[in-house]
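Heads up, the thing below is written out as structure tokens.
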Amino acid sequence: MFLCIFSCNSKSNKTTVFEYDGKFPDESARNIEIVMSENGQITFTLFAPLMNKYYGENPYTDFPEGITVSSYTNGEKHSTLTANYAINEESKQRYEASGNVVIVDLVKEESILTEKIIWDKLKKRIFSDVEITQIKADGTIQKGDGFESDEKFTNYSIRNPRGEFIAEEL
């Protein structure tokens, strides 16, 4: 007597490869946290649900599912940035965040909302050349054609500000 048994399973043992925008990364990681420090003090933290790293002539890292970046001053969290997408062009030392970008100054209790910002690590500055909305602690709302800031978002200026202003008494 000869007995032959076959079994099928609908579950696949394939490994999921992260593909984004038609490209396959050289490295990928989920739920990553990067901590940057100077002289033993945390200066920045970055959290992302997905990080993809691409090698080649112009290497870059992207965060297609968004990022949250926090900056610290003297060990205290000073500001946060969230965005739907970010890319780090490694050779230029430049980050660009786009899509529902929100920057919150936790000390001044102010926020900036925009669609795109750029962090130039070499020049240690953050800037945007698209419309921004600033919401101050007192509820004042200003719009502008972009802004420029230091990399910790402690000092910034808005280009061509317009909107509701509250005048100080003389």
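The values are calculated or read from the model by the stated rules, or taken from the named source; none is laboratory data. All values derive from a computational prediction rather than experimental measurement. Every residue, glycine as well, gets a Cβ built from its backbone with ideal geometry; the counts of neighbours run over all protein chains shown.
Being under 13 Å from the mean Cα position of the chain (by Cα) and under 14 Å from Ile132 (Cβ atoms) is a description that applies to Ile118. Taking the stretch 147-170 as the range and being farther than 27 Å from Glu76 by Cα and modelled with pLDDT of 80 or more as the test, the residues that pass are Arg159, Asn160, Pro161, Arg162.
When you check Glu96 against the structure, is it closer than 26 Å to Phe24 by Cα and acidic (Asp, Glu), yes or no? So that I can check it myself, show each step before the final result.
Details: closer than 26 Å to Phe24 by Cα: yes; acidic (Asp, Glu): yes.
Taking the combined requirement at face value, the residue satisfies it.
Beta carbons closer than 7 Å, at least 6 apart along the sequence or on distinct chains, pair a first residue in the stretch 147-170 that is closer than 15 Å to Ile112 by Cβ and assigned to a strand (DSSP E or B) with a second that is modelled with pLDDT under 85 and not aromatic (Phe, Trp, Tyr) for Ser149/Asn155.
Matching residues to (1) without any contact (Cβ under 8 Å) to a residue 40 or more places away in the chain; (2) surrounded by fewer than 18 Cβ atoms within 10 Å (Cβ to Cβ); (3) of a type in the set (D, E, K, R):
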| residue | (1), (2), (3) |
| --- | --- |
| Tyr55 | yes, yes, no |
| Ser71 | no, no, no |
| Lys77 | yes, yes, yes |
| Ala83 | yes, no, no |
| Glu89 | yes, yes, yes |
| Val101 | yes, no, no |
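Scanning the stretch 91-127 for residues that are more than 17 Å from Val69 (Cβ to Cβ) and assigned to a loop (DSSP other than H, G, I, E, B) turns up Lys108, Glu109, Leu122, Lys123.
Residues in the stretch 66-90 that are within 10 Å of the chain's Cα centre (by Cα), in a loop (DSSP other than H, G, I, E, B) and of a type outside the set (Gly, Ala, Ser): Asn84 alone. Go through the residues of the stretch 15-27 one by one and say whether even a single one is modelled with pLDDT of 90 or more, closer than 30 Å to His78 by Cα and assigned to a strand (DSSP E or B). Checking the stretch 15-27: not a single residue is modelled with pLDDT of 90 or more, closer than 30 Å to His78 by Cα and assigned to a strand (DSSP E or B). Residue count for the stretch 128-143 under the criterion of being surrounded by fewer than 16 Cβ atoms within 10 Å (Cβ to Cβ), on the phi < 0 side of the Ramachandran plot and either assigned to a loop (DSSP other than H, G, I, E, B) or among the aromatic types (Phe, Trp, Tyr) (or both): the result is 6.
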